[in-house]
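The structure appears below as structure tokens.
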Amino acid sequence: MSRFLLPALVLALVGADARAGDKPKLRVGIPRSIFRDIPPALLTFANQPFKDIIRTQTGFEGDVVNDAEALNIARDLDAGKVQLAVFLGHEFAWAQQKYPDLEPLLCSVPRPKEIQAFILVRHDCKAVHLGEMKGQRLVLATGTRDHARLFLEKRQVDEMGTMTGFCSLSKTGTVHDALHKLIDNEADVTVADQAAWRYFQKLYPGAAQNLKVLAESSVFPATVIAYKKGALTGDQLGKVRDGLMTAHQSKQGGRLMGMIKVDKFDRLPDGYGDAVKACLKSYPVPPTDWAADK
């Protein structure tokens with residue numbers, strides 16, 4: 001549920017430069033990857049309360065534009081069809097590579113703060129890298145975060161030499177279900193993001209001892225709210241920045257931050273640009289939008 005609420009929070013806490021009806025809405029582009037584990041039927045149901053928050057707290061209107069492909073959102077941002085966009089870190093690396101005028105304004109500070117992925121196997125597995133897992137059974141949760149999927153697929157190509165090295169693929173509703181399937185010997189390998197793996201260890205400390213990390217990713221860049229250089233005035237950007245950076249200080253904003261497992265929105269950390277470049281080197285822009293196929 002957390003990623004679904006992130007774009008809604010962006011809308012709820014960002015004001016346009018004019019009152020509703022006087023000027024166009026501030027449009028925020030959100031790719032499908034942000035909603036990976038959210039049933040589509042829930043999106044409309046939950047968006048309305050946040051639109052109400054915009055009106056009551058800011059006096060402005062906002063709108064969301066969704067697209068299956070993050071690079072389509074990037075194209076619309078570059079073309080001025082949306083004024084802001086939310087991108088996962090690796091998506092922003094792709095977007096900025098194709099559209100150099102796109103800039104990150106703020107990043108989210110998630111819980112936990114490091115965005116990583118872990119390939120997990122049973123504790124008695126003898127393999128030392130994924131290449132030795134050819135012919136084994138993969139289990140994958142439908143809600144697996146995109147950076148975890150990306151890491152797994154890169155390891156498959158680099159160490160297995162193929163994207164079809166497993167003998168079977170089963171699906172589960174949650175990462176925790178996938179981990180239990182490993183423990184029960186119903187599958188041999190899965191991938192989890194750091195938040196899911198850490199919570200599993202906290203929730204099931206005994207069961208977690210039956211699993212071990214086969215490989216862990218480097219840290220991915222944080223999710224960002226991006227804009228196109230010159231598309232918004234300095235005053236508009238300042239209102240967006242100030243509104244989001246102080247959101248966690250209000251009672252309502254703090255409650256929403258807790259729901260999406262984000263501590264706050266903040267300025268970009270030192271070295272963010274270098275992290276984006278390193279991510280792009282490891283995970284180049286796909287020939288078609290990678291996220292749209294998931």
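The values are calculated or read from the model by the stated rules, or taken from the named source; none is laboratory data. These numbers come from a predicted model, not from an experiment. When we count neighbours, we look across all protein chains shown, and the Cβ atoms used for this are built from the backbone with ideal geometry, even at glycine.
Just a few scattered comments:
- Comparison of G243, G206 shows that the only residue that is in contact (Cβ under 8 Å) with a residue 12 or more places away in the chain, out of contact with any strand residue (DSSP E or B) (no Cβ under 6 Å at 6 or more places or on another chain) and in a helix (DSSP H, G or I) is G243.
- Segment 170-193, subset touching a strand residue (DSSP E or B) at 6+ places or on another chain (Cβ under 7 Å) and in contact (Cβ under 8 Å) with a residue 60 or more places away in the chain, residue surrounded by the most Cβ atoms within 10 Å (Cβ to Cβ): V191
- Criterion violated by Y227 - all others in (1) farther than 27 Å from D274 by Cα; (2) not in a helix (DSSP H, G or I) satisfied: (1)
Residue-by-condition table, conditions (1) surrounded by fewer than 19 Cβ atoms within 10 Å (Cβ to Cβ); (2) at pLDDT 80 or above; (3) in a strand (DSSP E or B):
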position: A16; (1), (2), (3): no, no, no
position: K51; (1), (2), (3): yes, no, no
position: T56; (1), (2), (3): yes, no, no
position: R75; (1), (2), (3): yes, yes, no
position: V86; (1), (2), (3): no, yes, yes
position: Q96; (1), (2), (3): no, yes, no
position: P104; (1), (2), (3): no, yes, yes
position: S108; (1), (2), (3): no, yes, yes
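- Residues that are surrounded by fewer than 17 Cβ atoms within 10 Å (Cβ to Cβ), in a helix (DSSP H, G or I) and without any contact (Cβ under 8 Å) to a residue 60 or more places away in the chain within segment 124-158 comprise G131, E132, E153, V157, D158, listed in sequence order.
- The numbered conditions (1) crowded, with 18+ Cβ neighbours inside 10 Å; (2) over 23 Å from R32 (Cα atoms); (3) not assigned by TED's automatic domain parsing to the domain that holds A79 are all true for C167 except (1).
- Total residues in segment 260-293 satisfying the condition of being surrounded by 15 or more Cβ atoms within 10 Å (Cβ to Cβ) and at pLDDT below 75: the figure is 7.
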